[in-house]
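Only one structure is covered here, and it is reproduced in the block below.
The values are calculated or read from the model by the stated rules, or taken from the named source; none is laboratory data. This one's a predicted model, so the numbers in the text were calculated from it and none came from an experiment. Using ideal geometry, Cβ is built from the backbone for each residue, glycine included, and neighbour counts are taken over all protein chains shown.
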Amino acid sequence: MKQLTIFFAAIIGLTACQKDFLDLKPQSQPNVDNFYKTANDFGNAVNGAYDALQSPNQYGGDYNTIIETRSDNVLDNDPSSGSGLRYNIDRFIEPTTNSVLRDTWGSLYTGINRCNLILDKIDAVPMDATLKARYKGEAQFIRALSYFNLVRLWGKVPLVLTAGTTTEARSYTRNEIADIYAAIEKDLTAAAAGLPVSYTGTDVGRATSGAAKGLLGKVYVTEKKYDLAVSTLKDVVNGTTYQLLPNIGDVFLVTNKNNAELLFAVKYKKGGLLGEGHGSWFGTSIGDPVEPSLRAAYSAGDKRLPLTVMIPVPTSINSVPRKYYDELSATSDVGNDFPVLRFADVLLLYAEALNGVSYQATGEAFAALNRVRTRAGVTSYTAAQLPTKEAFQAAVINERRLELALESDRWFDLIRTGMAVEAIKVTGITMPAYRVYYPIPQSEIDVYNNKTTFPQNEGY
């Protein structure tokens, strides 16, 4: 799929969350130009940007494979399914032609293009200033999240910040990682300033200023910019908008969406006519996909352990982890929201950032880490147990594994801490060091056909 060179010619994805709002005939560039005329047009376009995140090639399904199954938390036990596409990713033997990777790459750039179209055109359209700032902030947040995933999965990628033409797309190169992170930081800083603190009614669940700050803090931790991470995350940690729910199991209930722990979740609704549901995450009828070392890492009585246990789904041959349990609808889909960023994640990032600045035997870092542990029903850490910066860092990374299991964080944590090769070895799989990044889809390499400006990742 020549995603970078064809998606500028159409806006078929803008129908997204309101899939019938526009009759695209013909689906052409003039259509794009004529569409963005009113505030309502931009509202629909923003819905289309959210819809890219819902895609089965992103949070709707494939991230479970390319992020979580890739880590030491999950095993793919079925080499025969889908010609081994997902099994090969889990075993670090995927070729450059793997279609799961190709389709995720394409979906990410489709979403980015939707955001670019909004940001290119919105300033020319008169509308309420607060609403305009919100729409821009939502597009900036989604674009930043998309690039954050792209750069962590593939490293150098094309940095496209305007909706270009097909001809322009052919000149794109793989930009430096530092430049991509600079663009992410800029988008999230602007989004934090332009987005509201909260919403009411049917708008609840959209990106907020707190979500933008939390994601920006995560970006800074990934870059090891710990001073900036501390100052950014502090606003979220000390604010009153988000909190840990008393019972961690309540965070994931389909009857408790938009709860106070969630900074941002990708939303789904089962049983509808618009394809807004998804298949059961980690659902399987072949063995237990949860890696034994994950469950073994929990202490006795840890309230998070039962969330990893597989339970059967009525009217299905599959079982799913309790964390993502939902009964199938009449149309055989489920409606869990995917928790992209929640308050427990922010607390652990804050603890890590504080420790990155300076180890303190007492203070906010230990307090943040232990807030998460206390809610889980396990004993708090003391300075005697974690007497050094290195010991504290190791404890935080382990806590993130326990707290955020099956939430598409573990692989990224392993990569940014340099732990991937050794962690994967525990599962009985040998991971070549170069596979910290995925191969650029072969379809993209073939389109650009330039080893200098658009090379394949090392080792492939």
Inset, instruction - Mind counting the residues in region 84-121 that are more than 23 Å from the chain's Cα centre (by Cα), over 17 Å from residue 61 (Cα atoms) and outside any loop (DSSP other than H, G, I, E, B)? - result: 2
Legend entry - Answer residue from region 323-379, given it is among the β-branched types (Val, Ile, Thr) and over 20 Å from residue 404 (Cα atoms) and is surrounded by the fewest Cβ atoms within 10 Å (Cβ to Cβ) among those: 362
Legend entry - Positions within region 128-176 being in contact with an Asp or Glu (Cβ under 7 Å, 6 or more places away or on another chain), assigned to a loop (DSSP other than H, G, I, E, B) and basic (Lys, Arg), in sequence order: 156
Inset, instruction - Could you list, in sequence order, all residues of region 282-306 that are assigned to a helix (DSSP H, G or I), closer than 23 Å to residue 424 by Cβ and touching a residue at least 12 places away in the same chain (Cβ under 8 Å)? - result: 293, 294, 295
Legend entry - Complete set of residues in region 151-171 that are at pLDDT 95 or above and either over 17 Å from residue 104 (Cβ atoms) or small (Gly, Ala, Ser) (or both): 155, 159, 161, 162
Inset, instruction - Working only within region 139-186, note down all residues that are within 20 Å of residue 411 (Cα to Cα) and polar (S, T, N, Q). - result: 146, 149
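How many residues does region 193-212 contain that are assigned to a helix (DSSP H, G or I) and surrounded by 24 or more Cβ atoms within 10 Å (Cβ to Cβ)?
Going through region 193-212 one residue at a time, the tally reaches 2.
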Legend entry - Subset of region 171-222 (residues that are of a type in the set (Gly, Ala, Ser) and closer than 30 Å to residue 454 by Cβ): 171, 178, 182, 183, 190, 191
Inset, instruction - Would you be able to say whether some residue in region 414-436 is part of a helix (DSSP H, G or I), touching a residue at least 40 places away in the same chain (Cβ under 8 Å) and surrounded by fewer than 19 Cβ atoms within 10 Å (Cβ to Cβ)? - result: yes
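Could you pull out the residue among 183, 139 that is in the same structural domain as residue 435 (by TED's automatic domain parsing), surrounded by fewer than 21 Cβ atoms within 10 Å (Cβ to Cβ) and within 18 Å of the chain's Cα centre (by Cα)?
So the residue among 183, 139 that is in the same structural domain as residue 435 (by TED's automatic domain parsing), surrounded by fewer than 21 Cβ atoms within 10 Å (Cβ to Cβ) and within 18 Å of the chain's Cα centre (by Cα) is 183.
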Legend entry - In region 314-327, the residues that are modelled with pLDDT under 95 and of a type in the set (A, V, I, L, M): 317
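Residue-by-condition table, conditions (1) modelled with pLDDT of 50 or more; (2) under 30 Å from residue 402 (Cα atoms):
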site	(1), (2)
8	no, no
15	no, no
20	no, no
25	no, no
39	yes, no
57	yes, yes
61	yes, yes
67	yes, yes
85	yes, yes
Legend entry - Boolean, residue 104 is within 19 Å of residue 440 (Cβ to Cβ), hydroxyl-bearing (Ser, Thr, Tyr) and touching an Asp or Glu at 6+ places or on another chain (Cβ under 9 Å): yes
Inset, instruction - Could you please let me know if residue 331 is among the β-branched types (Val, Ile, Thr), within 27 Å of residue 313 (Cβ to Cβ), at pLDDT below 95 and in a loop (DSSP other than H, G, I, E, B)? - result: yes
Inset, instruction - Determine which single condition residue 224 fails, assuming it passes every other condition in (1) modelled with pLDDT under 95; (2) on the phi > 0 side of the Ramachandran plot. - result: (1)
Legend entry - Which listed residue, of 369, 386, 349, is more than 30 Å from residue 167 (Cα to Cα) and part of a loop (DSSP other than H, G, I, E, B): 386
Legend entry - Among residues of region 69-83, those that are out of contact with any strand residue (DSSP E or B) (no Cβ under 8 Å at 6 or more places or on another chain), polar (S, T, N, Q) and at pLDDT 95 or above, counted: 2
Legend entry - First in region 232-257 and closer than 30 Å to residue 357 by Cα, second anywhere and of a type in the set (Asp, Glu), Cβ under 9 Å, 6 or more apart: 234/364; 237/364; 242/261; 243/261; 244/261; 245/261; 248/261; 248/403
Legend entry - Single residue of 133, 144 found to be within 21 Å of the chain's Cα centre (by Cα), crowded, with 17+ Cβ neighbours inside 10 Å and in contact (Cβ under 8 Å) with a residue 24 or more places away in the chain: 144
